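Each value in this text was obtained by applying a stated rule to the coordinates, not by laboratory testing. No experiment lies behind these values; they were computed from the predicted model shown. Cβ: placed from backbone, ideal geometry, glycine included. Neighbour counts: every protein chain shown.
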Amino acid sequence: MCDVTYVATWSGFAYVSFVTDVYSRRIVGWNVASTLKADVLPLQALEMAAWQLGGDLDGAIHHSDYAEVLVKPRNVVRACGGADVRIFLGLTLWWD
């Protein structure tokens with residue numbers, strides 16, 4: 001599960017992306033940035049998650065409620081090292 005949020009600071013906003021392993025309920029990837037760039041914030045958090053989980057993501061399910069406009073599915077696959085990952089973006093849930 002991946003989520004992007006923002007926090008107000010004295011100098012503007014800080015954008016934060018978290019990747020959670022739903023099975024263990026642990027945060028396995030995260031990233032903080034001063035701008036909300038699709039090629040930086042969520043994808044680097046996803047790359048960290050792939051590294052934390054040992055890189056073997058075949059059969060994993062990636063779900064995020066942010067729109068495809070923010071992160072394109074091909075970039076998610078690239079961030080996961082080309083693994084066979086099922087991707088669900090938007091309001092569609094993996095169990096639907």
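Of the peptides 26-34, 41-49, 3-11, how do they stack up when ordered by the mean number of other Cβ atoms within 10 Å, highest first?
Averaged packing, sorted descending, gives the order 41-49, 26-34, 3-11.
In nm, to one decimal, how far is the modelled label at residue 51 from the one at residue 23, with both set 7 Å along Cα→Cβ?
Spacing of the two 7 Å Cα→Cβ label points: 2.2 nm.
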